[in-house]
Amino acid sequence: MPNAPPDKTQIAFKIVVGSGIVTINTSGGDVINITGGSSSYTLRIVNQGVLFQYQASTGIWDVTNNNLPLT
């Protein structure tokens, strides 16, 4: 993911083909969901997707939707 983007930046990822696991990594000191949280997020199923929103004041990428339709 981009390093220190503007506040409220949204970014989405979706596996569209293949059979492998996709790991999404943050940049710099950014983390996912909580202070001191993980710096990676994994998608495991074809058509699985996730939407993140960045909180610039904390350097946290919040998962705003991980229940996206598989089709």
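The values are calculated or read from the model by the stated rules, or taken from the named source; none is laboratory data. All figures in this text were calculated on a predicted structure; none of them were measured in a lab. Surface areas here come from the heavy atoms of the whole protein model, side chains and all, with no ligands, DNA or RNA. Shrake-Rupley method; radii C 1.70, N 1.55, O 1.52, S 1.80 Å.
Here are the numbers for the structure shown:
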| item | result |
| --- | --- |
| Computed over the chain, Cα set: Rg, Dmax in Å | 12.1, 37 |
| Surface accessible to a 1.4 Å probe, S38 within the full protein complex, Å² | 60 |
| Three principal axis lengths of the range 21-60 [C-alpha, angstrom, descending] | 33, 14, 14 |
| Accessible area per residue, Å², the chain with all protein chains present, probe 1.4 Å | 60 |
| Stretchable slack from F13 to T58, in nm (0.36 nm times residue separation minus alpha-carbon distance) | 14.0 nm |
| Sequence of T26, T64 when ordered by accessible area, the most exposed leading, probe 1.4 angstrom | T64, T26 |
